[in-house]
Protein chains: 2
Amino acid sequence: MTEQGATSDHIADRIAEAIFEHRINPGTKLGEDEVGEIYGVSRTVVRAAMQKLAHRRLIDLRRNRGAFVAQPSMREAREVFEARALLEPRTARSAAERATSADLEALQRHIDDEHQALAAGDPGRALHLSGVFHIEIARIADQSTIAEFVEQLIARSSLIIALYWQRRAALCESHAHDAILRTFAERDGDRAEELMKSHLLDLVSSLGLRDAPPAPRTLREALR
Amino acid sequence: MTEQGATSDHIADRIAEAIFEHRINPGTKLGEDEVGEIYGVSRTVVRAAMQKLAHRRLIDLRRNRGAFVAQPSMREAREVFEARALLEPRTARSAAERATSADLEALQRHIDDEHQALAAGDPGRALHLSGVFHIEIARIADQSTIAEFVEQLIARSSLIIALYWQRRAALCESHAHDAILRTFAERDGDRAEELMKSHLLDLVSSLGLRDAPPAPRTLREALR
DNA sequence: GTGGACAAGATCGTATACAATCCTGTGTGC
DNA sequence: GCACACAGGATTGTATACGATCTTGTCCAC
């Protein structure tokens, strides 16, 4: 699978995807030669891609050691959701007040895709789409700086969810996104803010980050 | 001034400093060979530094064109302060509730330095220290993810202030930072949040970003 | 004189080569 | 048998060389 002439952006996106979908495990080393060979480019390009991923906090770059898929600690996970709690509710309010009918249709299509992916038994794709839904909202709010931060946080969230999700069962998407979309249709900024806030709280609690450490994962206590 | 063996982090920091202190004007081109010669490293290292700066939005990277010191539009400037308004007040509240006496002393020293820099007629340094004060608060709040975002926003703010500041006169630091520190000493989270919010609003209005465009700066209308 | 085409120079993008660093396995001394 | 030292291999860090792209200055046709 050696595709030629890939750009560093493309490679970074492909690797990010693979991380989200849990096809590469956290902690896995990404050797420069190895990745370069896969995409048919030299280490120069791979290094550029790695820098981008490191900036998104999806990989850890250790000098003279290499690149490793990030393993967010539980503390880090909590912090990411704290940041989302600060940014997203207010952003949802703005979005609700500004959304055009075209925006509403796009969001509806998005939700349909999510449900379809779930029904088709592709939870990886459903998870991905679920993240994009949040990013779309930030875009509708027309605040590109905030949208960029949200995008970064969603990316890290995807990794976190892949790591810490306990009960993969039900409540996956419940119907939180549907409810939020309804408030958009009604231009109800107050309620949009509220719903987003509780949606994020639900997410955190479904991850079990509030409880005692289920997987602190220092090597020492992971093995003995 | 060819210092040998500089690392890409060091180069990025030096250039960032120069941008903050307005020693390099927005729009200036940073040629790879040129920068490499200054620091005595090859283009490889310079490119890594450029990527870091581009990620912080301090420079624009244009393919096959080169790196240029960013010129934040007024809209971008507003967005940066919108993001700060979402993050910093709540962060100040947490910080106020958590600050130790050592934290308070460090902040006090910081403010003293600011005043001293102003008195010594070094507004560039004062501006820089003023930014670090905000970053310190985010650190005290013990939310490294948010602190990182704040740091990024402060960096962009420094550039924005250098670009848009109209009345360089008085009100520079007024005494907003002193007032905030007092609420910390009193562990008054509510008031800390309030003061930070109004401090940011003051900053925006002192920049005149709310008014009609003083400098939209398309080349067309800049010249004729 | 104006407009477009072309060519030369400069600058960036990528690949490759070499140096520095780190990991690991082996061997030796105690 | 254990600990330490050292050497080999592998991997990253950096420099340099070459190719691609853009800018710009010149020339010619109209």
**OP:** Scan chain A and hand back the longest stretch that contains none of the GluC sites (Glu not before Pro) lying in DSSP loops with at most 12 other Cβ atoms within 10 Å.
**Re:** A:4-185
**OP:** Mind checking A:141-150 for the average number of partner chain beta-carbons within 10 Å of each residue's beta-carbon?
**Re:** 5
**OP:** Measure nothing but the geometry: give the 0 to 90° angle between the long axis through the Cα atoms of B:74-98 and the longest principal axis through the Cα atoms of chain B, rounded to 10°.
**Re:** 40
**OP:** Between beta-carbons, use under 9 Å as the cut-off and find the net charge around residue B:69, counting Lys and Arg +1, Asp and Glu -1.
**Re:** 0
Original post:
How big a patch of accessible area, both sides summed and in Å² to the nearest 100, lies buried between A and B at a 1.4 Å probe?
Top reply: 2300
Subject >> Inter-copy separations for residue B:109, label at 7 Å along Cα-Cβ, nm, ascending >> reply: 5.8
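Calculate the translational D of the range B:1-125 in whole µm² s⁻¹ from Stokes-Einstein, where the hydrodynamic radius comes from the Kirkwood formula applied to all Cα pairs, the temperature is 37 °C and the viscosity 0.692 mPa s.
191
What's the Kirkwood radius of the protein assembly as shown in Å, using all Cα pairs?
On the way: mean 1/r = 0.0418 Å⁻¹.
Averaging 1/r across every pair of different Cα atoms and inverting gives 23.9 Å.
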Original post:
How far is helix A:189-207 tilted, in degrees, relative to the longest principal axis of the Cα atoms in chain A, given as a value from 0 to 90 rounded to the nearest 10?
Top reply: 40
Original post:
Under Stokes-Einstein, with the Kirkwood radius over Cα pairs standing in for Rh, what whole-number D in µm²/s applies to the range A:74-207 at 10 °C and 1.306 mPa s?
Top reply: 108
**OP:** Could you work out how far helix B:43-55 tilts from the main Cα principal axis of chain B, as a 0 to 90 degree angle to the nearest 10?
**Re:** 40
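Which whole-number value in Å² is the accessible area per residue of chain B, probe 1.4 Å?
It amounts to 53 Å² per residue over chain B.
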**OP:** Mind listing the label-point distances from residue B:14 to the same position on all other copies, shortest first, one decimal in nm, points 7 Å along Cα→Cβ?
**Re:** 3.7
Original post:
Mean shadow of the range B:8-69, computed from the convex hull of its alpha carbons, in nm²?
Top reply: 3.6
Subject >> At R0 = 35 Å, FRET efficiency that the Cβ-Cβ distance of residue B:65 and residue A:64 yields, to 0.05 >> reply: 0.60
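Can you send over the carbon and sulfur percentage of the accessible area for the protein assembly as shown, probe radius 1.4 Å, protein chains only?
So the carbon and sulfur contribution to the accessible surface is 47 percent.
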Original post:
Just the Cα atoms of chain B: what Rg and Dmax do they give in Å?
Top reply: 18.6, 57
**OP:** Mind listing the label-point distances from residue A:71 to the same position on all other copies, shortest first, one decimal in nm, points 7 Å along Cα→Cβ?
**Re:** 4.8
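The values are calculated or read from the model by the stated rules, or taken from the named source; none is laboratory data. Since we're looking at a predicted model, the values are computed, not measured. All Cβ positions, glycine included, derive from the backbone under ideal geometry; neighbour counts span all protein chains shown. What goes into the accessible areas is simple: the full protein's heavy atoms, side chains included, and nothing from ligands, DNA or RNA. Shrake-Rupley method; radii C 1.70, N 1.55, O 1.52, S 1.80 Å.
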